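Following: one structure in structure tokens, then a few remarks.
The values are calculated or read from the model by the stated rules, or taken from the named source; none is laboratory data. Just so we're clear, the structure is a prediction, and the values are computed from it rather than from any experiment. A quick note on method: Cβ atoms are made from the backbone with ideal geometry, for glycine too, and the neighbour counts reach across all protein chains shown.
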Amino acid sequence: MRGRAFTAQDDQRAPGVAIVSQTFARKFFPGEDPLGKHVTIIDGKHDVEIVGVVADAKYMSQREEIKPLLYTPWQQEGEQIGTMHFALRTDGEPAALAATVRQVVRELDHNLPVTEITSQTARSQLTLGQERLFAYLLSFFGVVALLLAAIGLSGVLAYSVAQRRNEIGIRMALGAQASNVVRLVIWQGMKLVLLGLALGAVSGYVLVRLLASEYLASLSSLREMAKLLYGVKGTDPATLLTVMLLLTVIALVACWLPARNAARVDPLVALRNE
């Protein structure tokens with residue numbers, strides 16, 4: 001982004017240089033230009049000059065926060081290098097170059113083992129394995145819970161319609177339209193749904209605040225459960241509104257089925273039974 005990249009001249013005979021991330025520059029040199037600044041690397045006990053600034057990147061996992069990073073050229077690391085990772089930009093399928101990479105390394109030094117050849121996409125997906133598993137499990141149990149709630153609501157309304165069959169027949173005999181009956185039954189069910197949404201929103205907000213409080217700091221497992229949805233806060237308005245809207249739509253469908261049956265009640269049959 002600024003400055004220069006490493007070159008072949010940045011070897012052990014050249015002065016130590018480094019490239020830093022944007023977060024590093026903002027944290028340690030706020031309001032200043034980091035280019036030309038010198039920092040001391042404690043582990044290596046040597047001084048390096050900042051020659052470039054690169055964009056921020058996540059180092060180990062996509063879940064982690066952006067950290068300040070400092071990069072040094074491998075030629076200046078000396079004996080400290082144990083293993084190395086090379087990144088190759090390809091035009092085609094990355095895995096197709098595996099044999100070629102092994103052959104090139106073998107020609108350079110047949111004693112160097114080449115392991116873990118994979119694509120950058122595969123490596124990034126590997127860091128999301130736990131999140132993907134939790135997402136599948138949460139989605140499955142969420143769908144099951146939603147279906148059970150819809151079936152339960154529809155069953156309650158169907159039983160209520162059966163109990164009020166004669167009343168509905170009388171209403172229709174006195175001039176009530178089918179649309180009036182449908183609205184009557186749907187509103188009966190939606191009152192329960194709206195009450196449940198209100199109680200659920202309030203109790204959910206209280207539980208989220210409780211999980212985020214220092215009171216439960218010792219219960220690390222509970223606090224980790226509150227972080228399963230990456231990038232989504234417990235009080236995220238968009239998420240809450242989306243869930244409430246989804247529940248409302250499913251509830252309307254569940255209420256519509258018994259309401260449609262109620263609208264088909266024959267007034268003559270209902271009155272004759274009465």
I'd like the full set of residues that are surrounded by 11 or more Cβ atoms within 10 Å (Cβ to Cβ) and modelled with pLDDT of 75 or more, limited to the stretch 203-240. 204, 205, 207, 239, 240
Of the criteria (1) assigned to a helix (DSSP H, G or I); (2) among the hydrophobic types (A, V, I, L, M, F, W, C); (3) surrounded by 12 or more Cβ atoms within 10 Å (Cβ to Cβ), which one residue 140 fails: (3)
Log entry, pairs with first residue in the stretch 1-26 being over 14 Å from residue 47 (Cα atoms), second being small (Gly, Ala, Ser) and surrounded by fewer than 16 Cβ atoms within 10 Å (Cβ to Cβ), beta carbons closer than 8 Å, six or more apart or on different chains, reads 1/55; 21/55; 21/57; 22/55
For the stretch 12-38, what are the residues that are surrounded by fewer than 17 Cβ atoms within 10 Å (Cβ to Cβ) and among the β-branched types (Val, Ile, Thr)? 23
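Quick grid of which residues meet (1) of a type in the set (D, E, K, R); (2) loosely packed, with under 12 Cβ neighbours inside 10 Å; (3) at pLDDT below 85; (4) outside any helix (DSSP H, G or I):
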site: 66; (1), (2), (3), (4): no, no, no, yes
site: 75; (1), (2), (3), (4): no, no, yes, no
site: 83; (1), (2), (3), (4): no, yes, yes, yes
site: 106; (1), (2), (3), (4): yes, no, no, no
site: 110; (1), (2), (3), (4): no, yes, no, yes
When residues of the stretch 47-64 are limited to those that are closer than 21 Å to residue 123 by Cα and among the acidic types (Asp, Glu), the one surrounded by the most Cβ atoms within 10 Å (Cβ to Cβ): 56
When residues of the stretch 191-200 are filtered for being within 21 Å of residue 159 (Cβ to Cβ) and either without any contact (Cβ under 8 Å) to a residue 40 or more places away in the chain or surrounded by fewer than 16 Cβ atoms within 10 Å (Cβ to Cβ) (or both), how many remain? 5
Leading residue by the ranking (nearest to the chain's Cα centre (by Cα)) among those in the stretch 9-41 that are under 14 Å from residue 74 (Cα atoms) and not in a loop (DSSP other than H, G, I, E, B): 19
Which of (1) under 16 Å from residue 253 (Cβ atoms); (2) at pLDDT below 75 does residue 156 not meet, given it meets every other one? (2)
Would you confirm whether or not the stretch 173-190 contains a residue that is in a helix (DSSP H, G or I), of a type in the set (Gly, Ala, Ser) and at pLDDT 85 or above? no
Any idea which of 162, 149, 173, 145 is touching a residue at least 24 places away in the same chain (Cβ under 8 Å) and either within 29 Å of residue 246 (Cβ to Cβ) or in contact with a Lys or Arg (Cβ under 7 Å, 6 or more places away or on another chain) (or both)? 149
